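One structure is given below, encoded as structure tokens.
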Amino acid sequence: MKKTLLAIAALAFMAWGCGSEEEVIPSLQQGWNERPTNWVAPDNSSFDLPPMSVQVQLGDTLAAYQSSADLMCATINGEIRAVTPPMSNMGVVYYPLTIVGNSSDQMVCLHYYCDRLHRIYTIENWAQFDPSTAPTGDSGIYRPKFAEK
């Protein structure tokens, strides 16, 4: 009996310890945010540097709620620098962001609007603006950790 209890406890601990660390989300309850109508792509010609192109994918928790009505937005100093709906390639859903900027010393904030949950999730200071950033990161597609706004 003790061996069985120890085995169950060990399995539970391993499952807890090996869980995904992709997202930190307080709750996935229905929210009150409406689809942002002010998230509009900027005029790329008004920025000096080449864009920072990245592909972002949701972790398993939020991915279960994504829909074609969702939006991903990047801002720098509160100014919108990229907006995109989800794209799909061979069943893989991702958000291709082309983030524009004037200076490489600015931090990019990432925002995700989930239409099914009516919530906006935000990551402040997600990444340094850098046009030479690899679109899919160093170790695969970007899977940022979102939190409720």
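The values are calculated or read from the model by the stated rules, or taken from the named source; none is laboratory data. The structure presented is a predicted model; accordingly, all values stated were derived computationally and were not measured. Every residue, glycine as well, gets a Cβ built from its backbone with ideal geometry; the counts of neighbours run over all protein chains shown. Keep in mind that these areas ignore ligands, DNA and RNA; they rest on the heavy atoms of the full protein, side chains included. Shrake-Rupley method; radii C 1.70, N 1.55, O 1.52, S 1.80 Å.
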What list of ³J(HN,Hα) values in whole Hz, one per residue of the range 89-103 in order, does the Karplus curve 6.51 cos²θ - 1.76 cosθ + 1.60 (θ = phi - 60°) give from phi, with Gly and Pro shown as x?
9, 6, x, 9, 9, 8, 10, x, 9, 10, 8, 9, x, 10, 8
Amide H neighbours of Ile99 at under 5 Å, excluding residues fewer than 5 places away on the same chain, with H built from the backbone geometry, are Met52, Ser53, Val54
Net charge of Cβ neighbours under 13 Å - reference Asp115; Lys, Arg +1; Asp, Glu -1:
+1
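Can you tell me which of 74-86, 29-41 comes out highest on packing, and rank the rest after it, using the mean Cβ neighbours within 10 Å?
Listed from highest to lowest mean packing, they are 74-86, 29-41.
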Net charge contributed by nearby residues that have their C-beta within less than 13 Å of Arg35 (K/R +1, D/E -1)
-1
From the phi of every residue in the range 110-123, what ³J(HN,Hα) in whole Hz does the Karplus formula 6.51 cos²θ - 1.76 cosθ + 1.60 yield, where θ is phi - 60° and glycine or proline is x?
10, 10, 10, 9, 9, 5, 5, 9, 6, 9, 10, 10, 9, 10
Descending accessible area (1.4 Å probe), largest on the left, turns Asp115, Asp105 into Asp105, Asp115
Taking 22 Å as R0, compute the FRET efficiency from the Cβ-Cβ separation of Gln106 and Gln30 and round it to 0.05.
0.05
Nonlocal amide H pairs with Ala127, under 5 Å, H built at 1.01 Å
Val108
